[in-house]
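Visitor: Here it is, the structure, as structure tokens.
The values are calculated or read from the model by the stated rules, or taken from the named source; none is laboratory data. Keep in mind that what you see is a predicted model, and the values were worked out from it rather than measured. For neighbour counting, all protein chains shown are included, and Cβ atoms are generated from backbone atoms with ideal geometry for every residue, glycine included.
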Amino acid sequence: MPLAIDLIFFDGCPHADTARERLRAALADAGLPAEWRERNQSDPGLPAEWRRFPSPTVLINGVDVAGASAAAGTACRVGGAPSVAMIRAALRA
């Protein structure tokens with residue numbers, strides 16, 4: 001089954017670039033290509049299902065690698081971007 005990897009963020013999120021760097025590093029560690037879909041919560045056409053996560057969120061097959069449940073709306077993720085270790089663990093699961 002191919003992996004579905006999504007990075008969810010909003011414009012101006014101070015941790016979005018860190019999330020990209022960590023996602024790239026975790027994928028490289030796993031020997032996988034640095035490929036994912038970006039879901040910008042600032043896009044007015046984005047479906048509501050992508051707006052319920054804090055920014056930044058990395059989803060692997062629809063599951064938040066940080067283990068958090070969906071938020072009620074666009075907000076910063078407490079603690080910043082998910083760690084490389086969290087992303088690696090989700091890739092292995």
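Visitor: Among the listed residues ALA68, ALA72, which satisfies the condition of being assigned to a loop (DSSP other than H, G, I, E, B), at pLDDT below 90, in contact with a Phe, Trp or Tyr (Cβ under 9 Å, 6 or more places away or on another chain) and of a type in the set (A, V, I, L, M)? First the steps, then the outcome.
Guide: Values: ALA72 fails: in contact with a Phe, Trp or Tyr (Cβ under 9 Å, 6 or more places away or on another chain).
On inspection, the qualifying residue turns out to be ALA68.
Visitor: Condition test on ALA25, is it assigned to a loop (DSSP other than H, G, I, E, B) and either modelled with pLDDT under 90 or touching a helix residue (DSSP H, G or I) at 6+ places or on another chain (Cβ under 6 Å) (or both)? Spell out the reasoning first.
Guide: Numbers: assigned to a loop (DSSP other than H, G, I, E, B): no; either modelled with pLDDT under 90 or touching a helix residue (DSSP H, G or I) at 6+ places or on another chain (Cβ under 6 Å) (or both): yes.
Considered against the rule, which asks whether it is assigned to a loop (DSSP other than H, G, I, E, B) and either modelled with pLDDT under 90 or touching a helix residue (DSSP H, G or I) at 6+ places or on another chain (Cβ under 6 Å) (or both), ALA25 comes out as no.
Visitor: Taking the condition modelled with pLDDT under 90 and either hydroxyl-bearing (Ser, Thr, Tyr) or at positive phi (or both), does GLY80 pass?
Guide: Values: modelled with pLDDT under 90: yes; either hydroxyl-bearing (Ser, Thr, Tyr) or at positive phi (or both): yes.
It is true that GLY80 is modelled with pLDDT under 90 and either hydroxyl-bearing (Ser, Thr, Tyr) or at positive phi (or both).
Visitor: Quickly run through region 1-43 and pick out the residues that are of a type in the set (Gly, Ala, Ser) and within 10 Å of PRO56 (Cβ to Cβ).
Guide: ALA16, ALA19
Yes/no per residue for (1) among the β-branched types (Val, Ile, Thr); (2) buried (at least 18 other Cβ atoms within 10 Å of the Cβ); (3) under 9 Å from the mean Cα position of the chain (by Cα); (4) closer than 23 Å to GLY79 by Cβ:
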{"site": "PHE9", "(1), (2), (3), (4)": "no, yes, yes, yes"}
{"site": "GLY12", "(1), (2), (3), (4)": "no, no, no, yes"}
{"site": "ASP17", "(1), (2), (3), (4)": "no, no, no, yes"}
{"site": "ARG20", "(1), (2), (3), (4)": "no, yes, yes, yes"}
{"site": "GLU38", "(1), (2), (3), (4)": "no, no, yes, yes"}
{"site": "SER42", "(1), (2), (3), (4)": "no, no, no, yes"}
{"site": "VAL65", "(1), (2), (3), (4)": "yes, yes, yes, yes"}
